[in-house]
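These notes are about the structure you will find just below.
The values are calculated or read from the model by the stated rules, or taken from the named source; none is laboratory data. No experiment lies behind these values; they were computed from the predicted model shown. Positions of Cβ are generated from backbone atoms using ideal geometry, with glycine treated the same way; all protein chains shown enter the neighbour counts. These area figures cover heavy atoms from the full protein model, side chains too; ligands, DNA and RNA do not enter into them. Shrake-Rupley method; radii C 1.70, N 1.55, O 1.52, S 1.80 Å.
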Amino acid sequence: MMLVMKMNECPFEIIRGKEKIILSAPHSAKHVREDSVRPRETKTGTMVRVLSKKYNTYGIYKNNKDCNNDANWDKNCKYKERIKRIVEKEKIKVLIDFHGMAAHREQDICIGINGGKNIYGNYDIVNSMVDIFHKYGFKNVTIDTPFSAGHKYCVSRYIAEECGILTFQIEINLKYRSALYKEYKKYNDLLKSLEEILKFLTYKVNE
């Protein structure tokens, strides 16, 4: 069931599920960081919608209404507070926060874990995620480079510290998210890799 926030609140949409995982896309609509308007990060919201519904996870993403803030940067943010409430109420164990890298980045995918702090040292899990991306042809997969999810008020670090759960920030190169690039032909492989990661994480949280 999808719930739409009232328009006098910071506008985002929530998908409810049963698995103890929540997917997030705080930049799926344009956002404002330090008075600079930034564009939406293509396909991040779509991935949350598709994956959360297919695998019965929770999901949250910004819609197309701007609320003049950046949920992955600002201290005070209703988006992060709503995630915190969902995590605490539903006993969520894992957050995956989707973001988009610019096409000029050499990395295919970056997994931000804040030097291991956001995953409480569970490197076996992140190593398995890297292996899955490699399996589907994404060779340049980095950890914490160029984005570590270490900023104090980014979604991943905030939720890890406030809720004590595992959080992963997954940055995906625009070349795999936009039809303007030849690499977009691998978009379905991207979805397949994320699906396998969700299956793996679902198994882990239910062990």
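Being surrounded by fewer than 19 Cβ atoms within 10 Å (Cβ to Cβ) and of a type outside the set (Lys, Arg) is the requirement here; does residue 180 meet it? Reasoning before the result, please.
On the way: surrounded by fewer than 19 Cβ atoms within 10 Å (Cβ to Cβ): yes; of a type outside the set (Lys, Arg): yes.
Answer is yes for this residue.
Name every residue in the range 9-56 that is modelled with pLDDT under 90 and either open to solvent by 60 Å² or more (accessible area, probe 1.4 Å) or among the β-branched types (Val, Ile, Thr) (or both), in order of residue number.
9, 30, 32, 34, 35, 37, 38, 39, 40
For the range 78-123, give me the residue count where each residue is touching a residue at least 40 places away in the same chain (Cβ under 8 Å) and open to solvent by 50 Å² or more (accessible area, probe 1.4 Å). Steps first, please.
Initially, the range 78-123 is screened for residues touching a residue at least 40 places away in the same chain (Cβ under 8 Å), giving 78-80, 82-84, 86-88, 90-103, 105, 107-114, 117-120, 122.
Imposing the further condition that a residue be open to solvent by 50 Å² or more (accessible area, probe 1.4 Å) reduces the set to 78, 88, 91, 93, 105, 117, 120, 122.
Here the count works out to 8.
For the range 166-177, which residues satisfy the criterion of being under 15 Å from residue 41 (Cβ atoms) and either open to solvent by less than 30 Å² (accessible area, probe 1.4 Å) or in a strand (DSSP E or B) (or both)?
Restricting attention to the range 166-177, the residues satisfying the condition of being under 15 Å from residue 41 (Cβ atoms) are 169-177.
The answer is 169, 170, 171, 172, 173, 176, 177.
May I ask you to verify whether residue 162 is farther than 21 Å from residue 46 by Cβ and at pLDDT 95 or above? Steps first, please.
Values: farther than 21 Å from residue 46 by Cβ: yes; at pLDDT 95 or above: yes.
Yes, satisfied.
All but one of (1) open to solvent by less than 30 Å² (accessible area, probe 1.4 Å); (2) modelled with pLDDT under 95; (3) closer than 20 Å to residue 190 by Cβ hold for residue 62, so report the exception by its number.
Answer for residue 62: the failing condition is (3).
Starting from residues that are surrounded by fewer than 16 Cβ atoms within 10 Å (Cβ to Cβ) and in contact with a Phe, Trp or Tyr (Cβ under 7 Å, 6 or more places away or on another chain), keep the ones in the range 184-193 and report whichever is farthest from residue 78 (Cα to Cα). Give the steps one after another, and end with the answer.
Here is the first cut: in the range 184-193, the ones surrounded by fewer than 16 Cβ atoms within 10 Å (Cβ to Cβ) are 185, 188-189, 192.
Okay, now just the ones that are also in contact with a Phe, Trp or Tyr (Cβ under 7 Å, 6 or more places away or on another chain), so 189, 192.
Working: 189: 33, 192: 31 Å.
Applying the filter and picking the extreme gives 189.
In contact with a strand residue (DSSP E or B) (Cβ under 6 Å, 6 or more places away or on another chain) and more than 14 Å from residue 99 (Cβ to Cβ) - does that describe any residue in the range 178-198?
Within the range 178-198, the first condition is being in contact with a strand residue (DSSP E or B) (Cβ under 6 Å, 6 or more places away or on another chain), and the residues that meet it are none.
The answer is no, given that none of the residues of the range 178-198 is in contact with a strand residue (DSSP E or B) (Cβ under 6 Å, 6 or more places away or on another chain) and more than 14 Å from residue 99 (Cβ to Cβ).
With the condition kept exactly as written, say whether any residue in the range 135-146 is open to solvent by 60 Å² or more (accessible area, probe 1.4 Å), over 19 Å from residue 40 (Cβ atoms) and hydrophobic (A, V, I, L, M, F, W, C). Show your work before the answer.
Going through the range 135-146, the residues open to solvent by 60 Å² or more (accessible area, probe 1.4 Å) turn out to be 135, 139, 143, 145.
From what is left, the residues that are over 19 Å from residue 40 (Cβ atoms) are 135, 139, 143, 145.
Narrowing further to those that are hydrophobic (A, V, I, L, M, F, W, C): 143.
Yes, some residue in the range 135-146 is open to solvent by 60 Å² or more (accessible area, probe 1.4 Å), over 19 Å from residue 40 (Cβ atoms) and hydrophobic (A, V, I, L, M, F, W, C).
Output the qualifying pairs, or none if there are none: Cβ atoms under 8 angstrom, residues six or more apart or on different chains, first residue in the range 179-191 and within 16 Å of residue 41 (Cα to Cα), second residue among the basic types (Lys, Arg).
Filtered contacts from the range 179-191: 181/175; 184/175; 184/177; 187/43; 187/177; 190/177.
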